[in-house]
1. Find the residue count for the stretch 99-152, including only residues that are under 26 Å from residue 37 (Cα atoms) and either part of a strand (DSSP E or B) or not charged (D, E, K, R) (or both).
2. Looking only at residues that are in a loop (DSSP other than H, G, I, E, B) and of a type in the set (Gly, Ala, Ser) in the stretch 1-51, which one is most open to solvent (accessible area, probe 1.4 Å)?
3. Based on what the data block shows, is residue 92 polar (S, T, N, Q) and assigned to a loop (DSSP other than H, G, I, E, B)?
4. Taking the stretch 65-106, which residues are in contact with a helix residue (DSSP H, G or I) (Cβ under 8 Å, 6 or more places away or on another chain) and open to solvent by 50 Å² or more (accessible area, probe 1.4 Å)?
5. Could you tell me whether the stretch 62-82 includes any residue that is assigned to a strand (DSSP E or B) and either touching a residue at least 12 places away in the same chain (Cβ under 8 Å) or among the small types (Gly, Ala, Ser) (or both)?
6. Filter the stretch 112-153 down to the residues that are aliphatic (A, V, I, L, M) and at pLDDT 95 or above and list them by number.
7. What is the number of the single condition among (1) over 17 Å from the mean Cα position of the chain (by Cα); (2) open to solvent by less than 70 Å² (accessible area, probe 1.4 Å) that residue 130 does not meet?
Amino acid sequence: MFSTIRAALEAAAPNDEICILDAAVYEEQVNFYEKSRIVLRSEYPESDARPVIKWRDTENTGPLTCQDATDEDKITFDKNGALRIMKSRDITIEGIIIDGGGTFIFGAEAVWAEPGGPCRYPNQAGNAGMAIWRSASVTVRNCEIRNAYYGISIKDINEGGRCGAC
């Protein structure tokens, strides 16, 4: 019914299942944003021939300056990923290969500051295959995550709650 995963996901409603029927490479960033109770899966999740989501996220790399670090909209490094699950819940990903498009390290010097202090701490990070950002109840089964600096980057709503080495 859809030629891209993105289009299928945009049309999806709670309790929908998106089944990818082929083992093609989908060169697109897939975003679950404010979605709930959705399954994205391969038709044959345990097969060696699985669909691939391939995307090298070179946009979500901020903040790049001390000024950017004061603007929530420019703090995007923790949302970097080929497949992103953001502000969502009860999401299942099954039998998909997630490819970050190659390791991509990014950052800037003197971005972060202690309260009231000068900006002197760097923001150093890298691209992720999957980013789970402020979401709950995410299940990942029979997936392979490859070609990214982080496999899965997880950020919760608590201060400092980021796990990039998962």
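1. Within the stretch 99-152, residues that are under 26 Å from residue 37 (Cα atoms) and either part of a strand (DSSP E or B) or not charged (D, E, K, R) (or both) number 23.
2. Kept after step one, since they are in a loop (DSSP other than H, G, I, E, B), are these residues of the stretch 1-51: 1-4, 12-16, 21-24, 27-29, 34-35, 43-51.
In the following step, the residues that additionally are of a type in the set (Gly, Ala, Ser) were identified as 3, 12-13, 23-24, 47, 49.
Values: 3: 103, 12: 15, 13: 43, 23: 54, 24: 37, 47: 40, 49: 62 Å².
Once the filter is applied, the top-ranked residue is 3.
3. On the way: polar (S, T, N, Q): yes; assigned to a loop (DSSP other than H, G, I, E, B): no.
Here the answer is no, as residue 92 does not meet what is asked.
4. 74
5. Checked the stretch 62-82: no residue is assigned to a strand (DSSP E or B) and either touching a residue at least 12 places away in the same chain (Cβ under 8 Å) or among the small types (Gly, Ala, Ser) (or both).
6. Result: 125, 128, 130, 131, 132, 138, 140, 145, 148, 152.
7. Against the list (1) over 17 Å from the mean Cα position of the chain (by Cα); (2) open to solvent by less than 70 Å² (accessible area, probe 1.4 Å), residue 130 comes up short only on (1).
Listed here are the residues, each with its yes/no results for (1) of a type in the set (S, T, N, Q); (2) over 18 Å from the mean Cα position of the chain (by Cα).
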{"site": "6", "(1), (2)": "no, no"}
{"site": "19", "(1), (2)": "no, yes"}
{"site": "35", "(1), (2)": "no, no"}
{"site": "41", "(1), (2)": "no, no"}
{"site": "46", "(1), (2)": "no, yes"}
{"site": "67", "(1), (2)": "yes, yes"}
{"site": "90", "(1), (2)": "no, no"}
{"site": "95", "(1), (2)": "no, no"}
{"site": "105", "(1), (2)": "no, no"}
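The values are calculated or read from the model by the stated rules, or taken from the named source; none is laboratory data. Remember, predicted model here, so these are calculated numbers, not experimental data. Note: ideal-geometry Cβ built from the backbone for every residue, glycine included; neighbour counts use all protein chains shown. When the accessible area is computed, the model is the full protein with side chains, heavy atoms only, and any ligands, DNA or RNA have been set aside. Shrake-Rupley method; radii C 1.70, N 1.55, O 1.52, S 1.80 Å.
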